[in-house]
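Report on one structure; see the data block that follows.
We did not get these values from a lab; they are worked out from the coordinates using the rules stated. Keep in mind that what you see is a predicted model, and the values were worked out from it rather than measured. Quick reminder, even Gly has a Cβ in these numbers, built from the backbone with ideal geometry, and neighbours come from all protein chains shown.
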Amino acid sequence: MKILTVFGTRPEAIKLFPLLHALRDDPRFESRVCVTAQHREMLDQVLAFAGIVPDHDLGLMRDRQSLDTLNARILVEVGGVLEAERPDWVVVQGDTTTAFAAALAAHYHRIPVCHVEAGLRSGDLANPWPEEMNRRAIATFAALHCAPTGLAADNLVRESIERERIHITGNTVIDALLWARERVREAPESTRIMRELERRFEGRRIVRISAHRRENFGHMREIASAIRRLSQRDDLAIVFPVHRNPAVRDVMQVELSGLDNVALIDPLDYPNFVRLLDIAHLMLTDSGGVQEEAPALGTPVLVMRETTERPEAIAAGTARLVGTDPERIVNEVTRLLDDSETHAAMASAHNPYGDGQAASRICDLLKEAPR
Ligand code: UD1
Ligand code: UDP
C-alpha cells in the first residue's frame, strides 16, 4: 500500500516524523514524502534531526506571502505530485494551510485522506485564524480521522462524521517527544545551545516564551511590554526563541533587544527545545504543540490566547488561558514565580495526549480502514 504524507511546517514535521519512521519500518507500506516547504529553515531543522529525506520538495516558502497565494500554489503543486504518485492514501496533519490545501488536492484527485490530529476545535473561526477553518474543512471530506483524545473524537461525532471513520489514537507529539528525549540522553552534545544558556543564566529561573499566532499579530507590542516588565526581576531569565515570521521577529527585535536577562534567539532545533522544556520553570506561549508537550513533562503553561482547542490540559490544571493583556500576563507569571504551591499544583506531570504509540496505531488503521 502506497502512502503519500504531505506536510510543510515545523509542527507538522514534528508530529509526523514518528509516523514516517513507523511507515518506513513496516513492510506493508511504500512510504513517499512530499514537503511543501511552507516553512524552510524551521522545517529543515526537524527533517535533519529525524533523518527524513523528502521524495518531493516543492520549495514554496516566500517571504511574507499571503494565505491565498500560498494556498493556491500548494493546491496546484501537490496536485502534480498526486498525478505522478497515485498513492492509496494521502496523510495530512493538523490545521495549517499545507494540511488544508494538500487534503483538498487529494479530494479533487479522489484519493482518500487520513487526517492526523483530527477533531481539535476552539468553536471560534477567528481564533485560531485560519486554523479552525482549515481543520473543520478537512474533516468534511477525510476518510480516516485520527483523533488524539476522546474529546476530539466527540467533536467529530457532533459534526455528524461517521463513527466508524473516527479513531482515538493519541497524539503523535508524545511519540516525537519520547523519541527526542532518548536521543538527547544518548547525545548530550545535541543540546549545546541550551547548556550554554543555562550556564549564562545560572541561579535564575527560566521562563520560556513563544508567540506566533496570526490573531495575536496586533498584540505583539503588548506581549513585548509584559516581557520587558518581567525582565526587571533579577531572579528570572527569559529564553525567547523567536519565530521566523517577520510579523513577530521585527517587533520583538525592536522591543526586546539589549536586555541582560532576555535571550532573544533563533528558533531552536528539536533537541534543544526539548531540553528547554525540561528545565523551564514555566512556559508563556500561544503555540499549540507546546500546550501538549509541556504537560507531559510537568511544566506549567500560561497560554496567551482567549480560547484553546486543547481543553484537556486546562482541565488537568497544568495550563491556564491568560490572553495578551500585559497586566494579566505579568500578574499570572508573578504568581507562578512567587507562590510555590500554585506552581507545584500546575507542575504535576499529566499527560492526556497519549502513550507514545500513536504512530503504530495509525499505521494499522491505514492498512485496515475503509477507503
Ligand atoms: C504557520 C501556520 C500555523 C502554525 C505555524 C507553526 C498557516 C496559515 N499557519 O504559521 O498554523 O501554527 O506555521 O509555526 O498555515 N518564515 C521563514 N522561515 C521559516 C518559516 C517561516 O522565514 O522557516 C517566515 C517567512 O517569511 C514566511 C512567514 O514566516 O512567509 C510566515 O510563514 P507561514 O507558514 O505563512 O506562517 P506561520 O506564522 O509560520
Ligand atoms: N519548537 C522547536 N523549537 C522552538 C520552538 C518550538 O522545536 O524554538 C517545536 C515544539 O515542539 C513545538 C513545535 O515546534 O511544539 C510547534 O511549533 P509552533 O509553536 O511553531 O507551532 P504550533 O504548535 O503553534 O502550530
> Could you give me the ³J(HN,Hα) list for segment 306-313, computed from phi with Karplus coefficients 6.51, -1.76, 1.60 and θ = phi - 60°, whole Hz, x at Gly and Pro?
Replying inline: 8, 9, 9, 9, 10, x, 4, 6
> log₁₀ I(q)/I(0) of segment 123-217 at q = 0.25 Å⁻¹, via Debye over equal Cα point scatterers, no solvent, to two decimals?
Replying inline: -1.25
> Between rounded, prolate and oblate, where does the chain land on the alpha carbon gyration tensor, with a ≥ b ≥ c its root eigenvalues, rounded for a/c under 1.5, else prolate if a/b exceeds b/c?
Replying inline: prolate
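Helix-only mean residue ellipticity at 222 nm, the chain, DSSP H runs n ≥ 4 weighted -39,500 (n - 2.57), per residue, nearest 500. What is it?
Details: 16 runs with 178 residues, N = 371.
Value at 222 nm, helices only, nearest 500: -14500 deg cm²/dmol.
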>> I want to verify a result. In a Gaussian network model of the chain, Cα cutoff 10 Å, which of these has the top mean-square fluctuation: Ala296, Ala237, Ala349?
In response: Ala349
>> Can you report the principal axis dimensions of segment 182-225 using only the alpha carbons, biggest first, rounded to whole angstrom?
In response: 41, 26, 12
> Counting Lys and Arg as +1 and Asp and Glu as -1, what is the net charge of the other residues whose Cβ lies under 11 Å from the Cβ of Leu197?
Replying inline: +4
>> Over segment 47-157, what portion of Cα pair distances is larger than 20 Å, expressed as a whole percent?
In response: 44 percent
> Under the Karplus relation 6.51 cos²θ - 1.76 cosθ + 1.60, θ = phi - 60°, what is the ordered set of whole-Hz ³J(HN,Hα) values for segment 160-169, x standing for Gly and Pro?
Replying inline: 6, 6, 4, 4, 5, 8, 9, 9, 8, 10
> Considering amide H positions built from the backbone, and no H for Pro or chain starts, which residues 5 or more places from Leu236, or on another chain, come under 5 Å of its amide H?
Replying inline: Arg205
>> Using the Karplus curve 6.51 cos²θ - 1.76 cosθ + 1.60 with θ = phi - 60°, what ³J(HN,Hα) values do you get for each residue of segment 221-236, in whole Hz, with x for Gly and Pro?
In response: 5, 5, 4, 4, 5, 5, 5, 4, 5, 5, 5, 6, 6, 9, 9, 10
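How high is the relative contact order of the chain, given as a whole-number percent (alpha carbon pairs under 8 Å, six or more residues apart)?
So the answer I get is 16 percent.
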>> For a quick check, take a GNM of the chain with Cα springs below 10 Å and name the residue from Leu177, Leu120, Leu337 with the largest mean-square fluctuation.
In response: Leu337
> Hey, if you put +1 on the Cβ of every Lys and Arg and -1 on every Asp and Glu Cβ in segment 242-351, which of Tyr270, Ile329, Ala294 ends up farthest toward the positive end of that dipole?
Replying inline: Tyr270
